[in-house]
Amino acid sequence: MRKLTRRDFLIISGTATASTFVLPKVSMADNVKNIGIQAYTLRDNMAKDPAATLKAIADAGYSYVEGYTTDKGMFFGYGVADFKKMLADLGLKMVSTHSGIVNSDTEVESHQKKLADAAEAGLKYIVLPWIGEEYRKTANDVKTLASKLNNTAKLAKSAGLTQCYHNHDFEFSSVDGQVIYDILLKETDPSLVKFELDIYWITKAQKDPLAYFSKYPMRFPLWHVKDMAKNDRNLNTEVGNGSIDWKPIFQKSKLCGLEYPLVEQENNYIPDFNGSVKASADYLKKFVY
């Protein structure tokens, strides 16, 4: 898409003279340049054979992956250097991972070690993927979580990483007359804490992602591109096969600061794990918005 000139902005804002009042021909078409995947999509395969699973991800056309923390650590039992090399040999890189935050001073040192490993592996983001009910009973509970996110984000920044928060649908419920997600957005420092918006979950909660992009620009560098089955809102499906209209969402990608769109699917794989991730990749590689 070409860049708008000063003249274009004058025309759009209504400040151009009558002699120049002709709308510019601006193409709104763009493509998803590179796509990633949350490795949890293939969690059963990752548990059995991470190397083979990552190769299947690369073969399907993905450029990067998001990890998650297992009982074998962030790198699925591999050392940091070995895992990074394995990804590089496949033409992949890990850009983010799901992990917890610091809840007490006794956790600071271990968390700093985790951040150092993530930075060494080349990650840019570390994401809190879930919160317990203790953080969502009252507005003050949510504010306590926001404070912990801010403090953990300072540690992440010192390691060269950015802290994010990943939503489900419960964040769009209200406590004490306030929406949990809104409290988190307002109470976290925009310069420190970003958000990974799960498009499926916000849709399931019947909220509009475009409204959040407009109200909180540049806060959403990560997305979970997860589609909703047409016949059952409780099920995922391959991207492009579901009920979510991706075009207007991707058209706001610059406004919200999107850097990495990450395919995720948690259930309803057709015909199987590998077939589903390949179908989503094929759709997005042809997708125009």
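The values are calculated or read from the model by the stated rules, or taken from the named source; none is laboratory data. Since we're looking at a predicted model, the values are computed, not measured. A quick note on method: Cβ atoms are made from the backbone with ideal geometry, for glycine too, and the neighbour counts reach across all protein chains shown. The protein model used for the area step is the full one, side chains on, heavy atoms only, and it has no ligands, DNA or RNA in it. Shrake-Rupley method; radii C 1.70, N 1.55, O 1.52, S 1.80 Å.
Tell me the residue from L155, L145 that is over 27 Å from S253 (Cβ atoms), of a type outside the set (D, E, K, R), touching a Phe, Trp or Tyr at 6+ places or on another chain (Cβ under 6 Å) and at pLDDT 95 or above, please.
Details: L155 fails: touching a Phe, Trp or Tyr at 6+ places or on another chain (Cβ under 6 Å).
Checking each option against the conditions leaves just L145.
Name the single residue that is farthest from the chain's Cα centre (by Cα) among those in segment 44-59 being touching a residue at least 24 places away in the same chain (Cβ under 8 Å) and buried (at least 20 other Cβ atoms within 10 Å of the Cβ).
P50
Restricted to segment 75-109, and to residues that are polar (S, T, N, Q) and over 16 Å from Q163 (Cα atoms), which residue is least open to solvent (accessible area, probe 1.4 Å)? Don't jump to the end; show me each part of the working.
Restricting attention to segment 75-109, the residues satisfying the condition of being polar (S, T, N, Q) are 96-97, 99, 103-104, 106.
Retained after the next criterion (residues that are over 16 Å from Q163 (Cα atoms)): 104, 106.
Details: S104: 46, T106: 124 Å².
Ranking the candidates gives S104 first.
Can you tell me which residues in segment 186-223 are in contact with a helix residue (DSSP H, G or I) (Cβ under 8 Å, 6 or more places away or on another chain), more than 19 Å from S96 (Cβ to Cβ) and among the aliphatic types (A, V, I, L, M)?
Residues satisfying the conditions are A205, L210.
Restricting the search to segment 188-207, which residues are among the charged types (D, E, K, R) and touching a strand residue (DSSP E or B) at 6+ places or on another chain (Cβ under 9 Å)?
Of segment 188-207, the ones among the charged types (D, E, K, R) are 189, 194, 196, 198, 204, 207.
Those that are among the charged types (D, E, K, R) and touching a strand residue (DSSP E or B) at 6+ places or on another chain (Cβ under 9 Å): K194, E196, D198, K204, K207.
Out of (1) crowded, with 20+ Cβ neighbours inside 10 Å; (2) more than 17 Å from H98 (Cα to Cα), what's the single condition that is false for G177?
Going through (1) crowded, with 20+ Cβ neighbours inside 10 Å; (2) more than 17 Å from H98 (Cα to Cα) one by one, G177 breaks only (1).
Before we move on, is S19 modelled with pLDDT under 50, part of a loop (DSSP other than H, G, I, E, B) and over 15 Å from L262 (Cβ atoms)? Full working, then the answer.
On the way: modelled with pLDDT under 50: yes; part of a loop (DSSP other than H, G, I, E, B): no; over 15 Å from L262 (Cβ atoms): yes.
Answer is no for this residue.
Here are some conditions: (1) within 20 Å of H98 (Cβ to Cβ); (2) modelled with pLDDT under 95. L42 meets all but one. Which one does it not meet?
Only one criterion in (1) within 20 Å of H98 (Cβ to Cβ); (2) modelled with pLDDT under 95 is unmet by L42, namely (2).
Kindly establish whether F273 is out of contact with any Phe, Trp or Tyr (no Cβ under 7 Å at 6 or more places or on another chain) and touching a residue at least 60 places away in the same chain (Cβ under 8 Å).
So F273 fits the description; yes.
Any residue at all in segment 205-221 that is more than 16 Å from F172 (Cβ to Cβ), touching a Ser or Thr at 6+ places or on another chain (Cβ under 7 Å) and open to solvent by less than 50 Å² (accessible area, probe 1.4 Å)? Before the answer, list the steps.
Going residue by residue through segment 205-221, those that are more than 16 Å from F172 (Cβ to Cβ) are 214, 217-218, 221.
Narrowing further to those that are touching a Ser or Thr at 6+ places or on another chain (Cβ under 7 Å): none.
For segment 205-221, residues more than 16 Å from F172 (Cβ to Cβ), touching a Ser or Thr at 6+ places or on another chain (Cβ under 7 Å) and open to solvent by less than 50 Å² (accessible area, probe 1.4 Å): absent.
Do any residues in segment 160-189 that are touching a residue at least 12 places away in the same chain (Cβ under 8 Å) have Cβ atoms under 6 Å from those of residues that are surrounded by fewer than 16 Cβ atoms within 10 Å (Cβ to Cβ) and not in a helix (DSSP H, G or I), where the two are at least six apart or on different chains, and which pairs are they?
Between residues of segment 160-189 that are touching a residue at least 12 places away in the same chain (Cβ under 8 Å) and residues that are surrounded by fewer than 16 Cβ atoms within 10 Å (Cβ to Cβ) and not in a helix (DSSP H, G or I), the close pairs are V175/T138; D176/T138.
Do we find that A118 is without any contact (Cβ under 8 Å) to a residue 60 or more places away in the chain, assigned to a helix (DSSP H, G or I), among the hydrophobic types (A, V, I, L, M, F, W, C) and under 14 Å from H98 (Cβ atoms) in this structure?
Yes; evaluated as a whole, the condition is true for this residue.
Suppose the filter is free of Cβ contacts under 8 Å to residues at least 12 places away in the same chain, under 29 Å from K55 (Cβ atoms) and of a type outside the set (A, V, I, L, M); does G79 pass it?
Values: free of Cβ contacts under 8 Å to residues at least 12 places away in the same chain: yes; under 29 Å from K55 (Cβ atoms): yes; of a type outside the set (A, V, I, L, M): yes.
Yes.
Condition check ((1) of a type outside the set (S, T, Y); (2) closer than 28 Å to T237 by Cα; (3) open to solvent by less than 50 Å² (accessible area, probe 1.4 Å); (4) under 17 Å from the mean Cα position of the chain (by Cα)) across all residues:
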residue: D141; (1), (2), (3), (4): yes, no, yes, no
residue: N150; (1), (2), (3), (4): yes, no, yes, no
residue: A159; (1), (2), (3), (4): yes, no, yes, no
residue: C164; (1), (2), (3), (4): yes, yes, yes, yes
residue: L185; (1), (2), (3), (4): yes, no, yes, yes
residue: I199; (1), (2), (3), (4): yes, yes, yes, yes
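Return the total of residues in segment 228-254 being among the aliphatic types (A, V, I, L, M), surrounded by 17 or more Cβ atoms within 10 Å (Cβ to Cβ) and more than 16 Å from the chain's Cα centre (by Cα). Write out each step before concluding.
As a first pass, look at segment 228-254 and keep what is among the aliphatic types (A, V, I, L, M): 228-229, 235, 239, 244, 249.
Checking the rest, the ones that are also surrounded by 17 or more Cβ atoms within 10 Å (Cβ to Cβ) come to 228-229, 239, 244, 249.
Imposing the further condition that a residue be more than 16 Å from the chain's Cα centre (by Cα) reduces the set to 228-229, 244.
Residues that pass the stated criteria total 3.
Those residues that are of a type outside the set (S, T, N, Q), under 19 Å from the mean Cα position of the chain (by Cα) and either farther than 24 Å from L210 by Cα or open to solvent by less than 40 Å² (accessible area, probe 1.4 Å) (or both), I need them from segment 259-277; list them, please. Spell out the reasoning first.
Narrowing segment 259-277 to residues of a type outside the set (S, T, N, Q): 259-264, 266, 269-273, 275, 277.
Narrowing the set further to residues that are under 19 Å from the mean Cα position of the chain (by Cα) leaves 259-264, 266, 277.
Passing the criteria: Y260, P261, L262, V263, E264, V277.
Checking V127 against (1) in contact with a His (Cβ under 6 Å, 6 or more places away or on another chain); (2) surrounded by fewer than 18 Cβ atoms within 10 Å (Cβ to Cβ), which test does it fail?
(2)
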